Every structure is written in C-alpha cells, then in structure tokens.
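A.B. asks: I have a structure I would like to understand better, so I am pasting it below and will then ask my questions one at a time.
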Amino acid sequence: MNTVVGVSSVVAGASSPAFSTHPGYSRMFAPERLTLGVFLPLRFFQGDMTVLQGQADLVEKLDRYGFAATWVRDVPLFDPSFGDAGQVFDPFTYLAFLAARTTTISLATGSAIFTLRHPLDLAKAATTIDQLSGGRLVLGIASGDRPVEFPAYGLEHGERAQRFAESVAYFRRVMQEGELSIHSTLGEMGGVEFLPKPVTGRVPLLVTGGSGQSLSWIAEHADGWLTNPDATHHAQGPQRLAEKIRAWRALIPDGGFRPHTTNEWIDLVDDPNYPRTPLQGGFVLRTGRKGLMSLLHDWQAAGVNHAALGIQFAKRPAAEVIQELAEEVLPHFPSHNAIVPHTVSW
C-alpha cells in the first residue's frame, strides 16, 4: 500500500504537539472535566425545510449562553432506510455561515466522512473555516456508515477502512509548512504548498467509533475519540463506557491526555424528576434535567470530556429546551475559556 512520504512523524496523535493554544479544542476539552455541546439540526427533518428556519438564531444563543460547541452532521445523501436525513446542509458550508454568526463557541463536525471526499478538498474546507472562525474548528471524522453513498462517489464501501487511514495521513501531511512532496494512492504532488494553514498549525481530528481501525491505531493516530455512549438509562452503561475509555487511553503511546466525546439524543421533559427512559430502542433518551445531570456526572466520572446533546426529537420547543439546559445544567459543566479565539476581520 502506497502511503504519504514522511507520514510517520505527522499522523501519530501521541507525537503531535498539544492543542493547548487551539481555541476550539481547549474550550471543549480538559482532563477529568466534561463540557456540553448541542448537535444540529435542532428539529428532525421530515421533508420540510422550514423546520430549520431560525436555527442559526438559536446557535447564536448557544454561543451567548456559553456552550462549548455546536455540532453539525455530514450526510451527503438521504437514505430512507436510515430514516434520518441528518444535517441536510453541507457541513463545511454551514459551519462557515455559523462562524460568521458566533464568536466563541467551538465548531465541530460529527462526523465528516473522510472516505467520500478527497483529503485535499477536506483540508481546504477545514482550514478555511478554521481561519474564518479564529481557530474554533474541531473535526470529528469517520469512515462512513451509509453504504448507499459510496457508489455515488465511485467508491467501494468495503475499502473504506484503508481509504480512511490514507486520507488522515494525507490530510495532515498537506498542512505542513513549506513545499510538499506527497506520493499516495490518493494523489501525488511536489514543489507546491497548501494554503491557508490552520490558525494554530493543526486541525484536531477526533476519530469516530472504530472507523475500520484497531483500538491501538486510534490511540496512536487520533487527537481524540468520539464514540456512542452505550446504554444511558442505567448505571451499567457508563460503567461499560468507562472500561472502553480506559482500554483506549492505556494504549496511547506517550500516556498524554486525549479527550473522549460521546453524544445522546434527548427528549428533555419539563418535569425535572422524570426518570431516564429509553425510547426508539434506546436511540433517544427521555428524561428530566435531574436524570440528565446524573448521567452527565456519570460520564464525567467515566472519563468523558465532552457531551454533545441532540434535541431534534424533543417534544418541547427547541428554544425552551436550550434555555433550560443553559440555566440549570450548563453551570455544572462549564466550558473552558482560557484561550480566546484569534481576532479575525476577514
């Protein structure tokens, strides 16, 4: 398998510089602490784009309230068998729009499908948004779980694991300073330089699930790990999640901090004492805020550093749910504000 020349010192998360000065990453992540983000869309798309109207106004509120991140999804094609059209908007175009509407909140993808697009185009979009936002971009990345999308790109679904690893290597290599010399199955270049560079030198990559890779590969190459939460309505779920996080962190070559992120779709009811109740086979959690806070504390104890909450299935108005989260839950899990975004005047 052809690889990117000189990639061994570039792709390994364990040997990469820390993201202590990266505004987006440092706002979301710190050891033994958990912060909160909100997944978009805020309302479930069922064939009518009007459900997305006013969403950016609510993202502005997330920014003002002090949430750590807002997350967008990457679903190029709607497959009715999945029953979920995802974000609908292109994630990079939409993040650029949201970058202009916000000032401090981290802008995250959950997750950009690295197998479906060329890493050079991914890098161009990512560093553009990173510059436009003053360094607030954090990329969750994945190999893709919707088989119907791969033939549309002329790709084989069964080859996604290898392509994912090659794309990560290519993406990171292209951002290095100076003239590039790259020889890869994904392309070749020499005597050229990639622009723009990321604000702080790198764009953090959080690998989603397995993405076809071994746990040791993720420990070595990822800047963080994004996984499903396991069961969220009883204590055994966070306990199993803790075991998975410990196993991953034990494999990180230098033993340094790498953040873990998880997410849950919630139906936050107005009764604060409503017990945590699984819906749709556990895909959605109906709960009052006390049950949610108990879960978040369990996640924090398990080693989770950021929780991305989706409210698209909530029965209450999105603005009402966001306000309750901001007033009653967020103060217990505050964002980290040591590094402010770089001043931009594009």
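The values are calculated or read from the model by the stated rules, or taken from the named source; none is laboratory data. All figures in this text were calculated on a predicted structure; none of them were measured in a lab. Every residue, glycine among them, receives a Cβ derived from its backbone with ideal geometry; neighbour counts consider all protein chains shown.
A.B. asks: Just to check your reading of the model, which residue among Val199, Val207 is crowded, with 16+ Cβ neighbours inside 10 Å and part of a loop (DSSP other than H, G, I, E, B)?
C.D. replies: The unique qualifying residue is Val199.
A.B. asks: Does Glu324 qualify as being closer than 26 Å to Asp57 by Cβ, surrounded by fewer than 20 Cβ atoms within 10 Å (Cβ to Cβ) and of a type in the set (Asp, Glu)? Explain how you work it out, then say what you get.
C.D. replies: Numbers: closer than 26 Å to Asp57 by Cβ: yes; surrounded by fewer than 20 Cβ atoms within 10 Å (Cβ to Cβ): yes; of a type in the set (Asp, Glu): yes.
Yes.
A.B. asks: Right, something else. All but one of (1) under 23 Å from Ala69 (Cα atoms); (2) not in a loop (DSSP other than H, G, I, E, B) hold for Arg246; which doesn't?
C.D. replies: (1)
A.B. asks: I would also like to ask the following. Is it the case that some residue within the stretch 116-135 is surrounded by 24 or more Cβ atoms within 10 Å (Cβ to Cβ) and touching an Asp or Glu at 6+ places or on another chain (Cβ under 6 Å)?
C.D. replies: Checking the stretch 116-135: not a single residue is surrounded by 24 or more Cβ atoms within 10 Å (Cβ to Cβ) and touching an Asp or Glu at 6+ places or on another chain (Cβ under 6 Å).
A.B. asks: Conditions first: (1) assigned to a loop (DSSP other than H, G, I, E, B); (2) buried (at least 16 other Cβ atoms within 10 Å of the Cβ). Val168 passes all but one, so which condition is the exception?
C.D. replies: (1)
A.B. asks: Looking at (1) surrounded by fewer than 16 Cβ atoms within 10 Å (Cβ to Cβ); (2) within 19 Å of the chain's Cα centre (by Cα); (3) closer than 28 Å to Gly83 by Cα, which is the one condition that is false for Pro334?
C.D. replies: Pro334 satisfies all of (1) surrounded by fewer than 16 Cβ atoms within 10 Å (Cβ to Cβ); (2) within 19 Å of the chain's Cα centre (by Cα); (3) closer than 28 Å to Gly83 by Cα except (3).
A.B. asks: Condition first: without any contact (Cβ under 8 Å) to a residue 24 or more places away in the chain and of a type in the set (Gly, Ala, Ser). Now tell me which residues in the stretch 265-322 satisfy that.
C.D. replies: Once the filter is applied, which keeps residues that are without any contact (Cβ under 8 Å) to a residue 24 or more places away in the chain and of a type in the set (Gly, Ala, Ser), the stretch 265-322 yields Gly281, Gly288, Gly291, Ser294.
A.B. asks: Which numbered condition in (1) over 25 Å from Arg146 (Cβ atoms); (2) part of a loop (DSSP other than H, G, I, E, B); (3) charged (D, E, K, R) is the only one that Arg240 fails?
C.D. replies: Only one criterion is unmet by Arg240, namely (2).
A.B. asks: With respect to Gly281, is the statement that it is farther than 19 Å from Met28 by Cα, outside any loop (DSSP other than H, G, I, E, B) and at pLDDT below 95 true?
C.D. replies: It is true that Gly281 is farther than 19 Å from Met28 by Cα, outside any loop (DSSP other than H, G, I, E, B) and at pLDDT below 95.
A.B. asks: What is the number of the single condition among (1) assigned to a helix (DSSP H, G or I); (2) out of contact with any helix residue (DSSP H, G or I) (no Cβ under 9 Å at 6 or more places or on another chain); (3) surrounded by 15 or more Cβ atoms within 10 Å (Cβ to Cβ); (4) among the charged types (D, E, K, R) that Arg286 does not meet?
C.D. replies: If we test Arg286 against (1) assigned to a helix (DSSP H, G or I); (2) out of contact with any helix residue (DSSP H, G or I) (no Cβ under 9 Å at 6 or more places or on another chain); (3) surrounded by 15 or more Cβ atoms within 10 Å (Cβ to Cβ); (4) among the charged types (D, E, K, R), just (1) comes out false.
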